Amino acid sequence: MVFIDIIIIILNVIFFRKIEIGLYSAIAIYLMGKVVDIVFEGINFTKTIFIVSDKYLEISNKITEHIGRGITGLYAKGMYTNDEKLMLWCVASRNEVIRIKQISKSIDPNSFVVISNAREAYGIRI
């Protein structure tokens, strides 16, 4: 579908000889995609955050204390370094992601943080 949209935008620019039409078309297609996502998934998107750090206990305590999110520790093994570590896993709202990332980086600037979309999350407080 994205491929077809790109072809339509390129053809608009070629036939009408105005780059503005292509830009407006691209913006309209992007916004329409976001609207479709909101209709099908709702507006309460959640994120899942994985944090790998040697200071996992400090990070988890501060996130729990300041944001009120529970965190799960998963045992992980780095295949490149062959080190075993505790990886933190947290599900949070979009608003809380920035604060969690800041907490992690303030405690351990070398922490490895992965943030991704969670399709659905059910529980006590999401």
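The values are calculated or read from the model by the stated rules, or taken from the named source; none is laboratory data. None of these values were measured; they are calculated from a predicted model. Because the Cβ atoms are built from the backbone with ideal geometry, glycine has one as well, and the counts that use them run over all protein chains shown.
Going by what's in this entry, would Lys47 be described as under 18 Å from the mean Cα position of the chain (by Cα) and modelled with pLDDT of 85 or more? Yes, satisfied. The residue pairs whose first member lies in the range 80-105 and is β-branched (Val, Ile, Thr), whose second member is in a helix (DSSP H, G or I) and surrounded by 15 or more Cβ atoms within 10 Å (Cβ to Cβ), and whose beta carbons are closer than 6 Å, counting only pairs six or more residues apart or on different chains, are Ile100/Ile63; Ile103/Lys62; Ile103/Ile63. Checked against the criterion of being over 22 Å from Lys105 (Cα atoms) and either of a type in the set (Lys, Arg) or at pLDDT 85 or above (or both), the range 70-80 has at least one qualifying residue.
Among the residues of the range 80-117, the ones that are among the aliphatic types (A, V, I, L, M) and assigned to a strand (DSSP E or B) come to 8 in all.
Report the residue count in the range 68-79 for those that are in a loop (DSSP other than H, G, I, E, B) and either in contact (Cβ under 8 Å) with a residue 60 or more places away in the chain or touching a Cys at 6+ places or on another chain (Cβ under 9 Å) (or both). Of the residues in that region, 3 qualify.
Among residues of the range 90-114 being surrounded by 15 or more Cβ atoms within 10 Å (Cβ to Cβ) and hydrophobic (A, V, I, L, M, F, W, C), the one that is nearest to Lys62 (Cα to Cα) is Ile103. Show the residue pairs meeting these rules: Cβ distance below 9 Å; 6+ apart or different chains; first residue within the range 12-31 and exposed (fewer than 13 other Cβ atoms within 10 Å of the Cβ); second residue polar (S, T, N, Q). Going by the 9 Å Cβ cut-off, the qualifying pairs are Lys18/Asn12. Residues that are without any contact (Cβ under 8 Å) to a residue 24 or more places away in the chain, surrounded by 13 or more Cβ atoms within 10 Å (Cβ to Cβ), at negative phi and not in a helix (DSSP H, G or I) are absent from the range 48-61 altogether. Scanning the range 100-126 for residues that are touching a helix residue (DSSP H, G or I) at 6+ places or on another chain (Cβ under 7 Å) and closer than 14 Å to Gly68 by Cα yields a count of 2.
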